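Remarks on the structure that follows.
The values are calculated or read from the model by the stated rules, or taken from the named source; none is laboratory data. The shown structure was predicted, so the numbers you read here are calculated from the model rather than taken from an experiment. Here the Cβ positions follow ideal geometry from the backbone for every residue, glycine too, while neighbour counts run over all protein chains shown.
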Amino acid sequence: MNMIRYIPIFLLILFSCSEDLPEDVNNNPLDPNQANENNFSTPALVFYPHEINPLPGNDFMVEVFAMQVDSNAGAHMQIQYDQEKMHVVDFAQGDFYSDASDMLFYFEDDSASGLIDIYTGYLGVDSSYVSGTGQLATITFNARVDWETVISFTENCRLADPHNNDIEILGFGECAVNAE
């Protein structure tokens, strides 16, 4: 008899959690299968999340990833943002090169032009490298006012192998920012 009292509660929970999922529930910019379905070529540089909705005046984080890269020993990423609508609060090193004893992580924010330069990778001559998908950096921005904009990579980005040869970047992701 006690069990019968709990059935309505169980049904209420079951049906309240069974809403239709949004179409973009699997819209993960780091998913290689989805990248193929969307004709997005790799190796690539992408942002995660690819869309964010911060409140005006609040901070928000965007992660920078190398996606499906082979024999990567270092990277230079140049990122463009609208300095009238947001400003950079902080940078953090990603974990893609986490097993390196000598690691380079340097960043510079040119807030007047809305350009960020990030350099990261292995130091030394031990020919260390990583392959796969990994986080290169995290950038914290502050949304100044209500607006819509995009954070994007410029054509001045570079991935390099252990011999300092270029790894061709075939795809560049963007992050849509809708502060409201």
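ASP95: in contact with a strand residue (DSSP E or B) (Cβ under 7 Å, 6 or more places away or on another chain) and modelled with pLDDT of 95 or more, yes or no?
Working: in contact with a strand residue (DSSP E or B) (Cβ under 7 Å, 6 or more places away or on another chain): yes; modelled with pLDDT of 95 or more: no.
Spelling it out, it is not the case that ASP95 is in contact with a strand residue (DSSP E or B) (Cβ under 7 Å, 6 or more places away or on another chain) and modelled with pLDDT of 95 or more.
Do you know which residues across segment 108-133 are modelled with pLDDT of 95 or more and in a strand (DSSP E or B)?
If the condition is that a residue be modelled with pLDDT of 95 or more and in a strand (DSSP E or B), then GLU108, ASP109, ASP110, LEU115, ILE116, ASP117, ILE118, TYR119 are the ones that fit.
Please go through segment 114-138 and give me each residue that is crowded, with 18+ Cβ neighbours inside 10 Å and either within 20 Å of ILE52 (Cα to Cα) or in contact with a Gly (Cβ under 7 Å, 6 or more places away or on another chain) (or both), ordered by number.
Matches in segment 114-138: GLY114, ILE116, THR120, GLY121, TYR122, GLN135, LEU136, ALA137.
Kindly indicate whether ILE167 is surrounded by 15 or more Cβ atoms within 10 Å (Cβ to Cβ), of a type outside the set (Phe, Trp, Tyr) and in contact with a Cys (Cβ under 6 Å, 6 or more places away or on another chain). Step through it out loud before you land on a result.
Values: surrounded by 15 or more Cβ atoms within 10 Å (Cβ to Cβ): yes; of a type outside the set (Phe, Trp, Tyr): yes; in contact with a Cys (Cβ under 6 Å, 6 or more places away or on another chain): no.
Taking the combined requirement at face value, the residue does not satisfy it.
Could we say that GLU84 is more than 17 Å from TYR48 (Cα to Cα) and in contact (Cβ under 8 Å) with a residue 12 or more places away in the chain here? Break it down into steps so the answer makes sense when it comes.
Working: more than 17 Å from TYR48 (Cα to Cα): yes; in contact (Cβ under 8 Å) with a residue 12 or more places away in the chain: yes.
It is true that GLU84 is more than 17 Å from TYR48 (Cα to Cα) and in contact (Cβ under 8 Å) with a residue 12 or more places away in the chain.
Which pairs do you get when a residue that is over 30 Å from LEU55 (Cα atoms) and small (Gly, Ala, Ser), found in segment 139-166, comes within reach of a residue that is at pLDDT 95 or above and buried (at least 16 other Cβ atoms within 10 Å of the Cβ), reach meaning Cβ atoms under 7 angstrom, with the pair 6+ apart or on two chains?
Qualifying pairs under 7 Å: ALA160/ILE167.
Residue-by-condition table, conditions (1) under 16 Å from ARG158 (Cβ atoms); (2) under 14 Å from the mean Cα position of the chain (by Cα):
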| site | (1), (2) |
| --- | --- |
| MET67 | yes, yes |
| ASP70 | yes, no |
| PHE91 | no, yes |
| GLY94 | no, yes |
| ASP102 | no, no |
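Kindly list the number of the only condition in (1) surrounded by fewer than 17 Cβ atoms within 10 Å (Cβ to Cβ); (2) in contact with a Leu (Cβ under 8 Å, 6 or more places away or on another chain); (3) not aromatic (Phe, Trp, Tyr) that fails for SER111.
(2)
Would it be correct to say that ASN156 is touching a Gly at 6+ places or on another chain (Cβ under 9 Å) and not in a strand (DSSP E or B)?
On the way: touching a Gly at 6+ places or on another chain (Cβ under 9 Å): no; not in a strand (DSSP E or B): yes.
Criteria not met by ASN156.
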